[in-house]
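Throughout, read-outs are computed from the coordinates displayed, never taken from laboratory work. Please read these numbers as outputs of a predicted model, since none were measured by experiment. Here Cβ is always computed from backbone atoms with ideal geometry, including for glycine, and neighbour counts include all displayed protein chains.
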């Protein structure tokens, strides 16, 4: 999963950048639209444009309403967002709902929610989320991942690179979510493909 970040995109066209990240079916398999502090209209416009342009699922960070209006595949929610058990009856069948988990307390809370996946982190040090907690490491990731309900895939997030992604897969990750590893690279498409290869 590649997550958009306006600061790191540095004025590049996000639709074209995401096209490169998924190009050839060997890069990103999901795009998450995250535009912190952007007005809903801007978030909706970008989400709709990505849904129209990409052959992979697009999900929207925090805003289920925007995701539904854009025809996105789902939404990713934090612990402060409305709980998934309240949201699930309001969305159509097959609409993905993911949740962030970063501690035992959050894991215990999320266990009762009907999430389609957990995003656990930060796995490693990251500068791309100001309120991220201390890095869990692969061992900490594995411990929290084991708390997920049976059948719920867990992905690792936070400081993930092509160099450390394999350690998370060995720790039980179903995949990874990245920001800086792709958007700070000279060639985002090549970076996404390198990550995909590392996961394999």
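Structure values in brief
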| quantity | calculated |
| --- | --- |
| Cβ-Cβ FRET estimate between residue 187 and residue 7, R0 fixed at 22 Å, reported to 0.05 | 0.70 |
| Relative contact order for the range 1-117, counting Cα pairs under 8 Å that sit 6 or more residues apart, in percent | 18 percent |
| Among beta bridges that DSSP assigns inside the chain, antiparallel share in %, nearest 5 | 0 percent |
| Helical contribution to [θ] at 222 nm, DSSP H n ≥ 4, -39,500 (n - 2.57), averaged over the chain, rounded to 500 | -10000 deg cm²/dmol |
| Relative contact order of the chain, defined on C-alpha pairs under 8 angstrom at six or more residues apart (%) | 20 percent |
| Model label zone, residue 80; criterion: amide N under 15 Å from point 7 Å along Cα-to-beta-carbon; scope the range 27-67 | 35-38, 62-63 |
| Computed lengthening from residue 16 to residue 108, 0.36 nm per intervening residue step minus Cα-Cα distance | 29.2 nm |
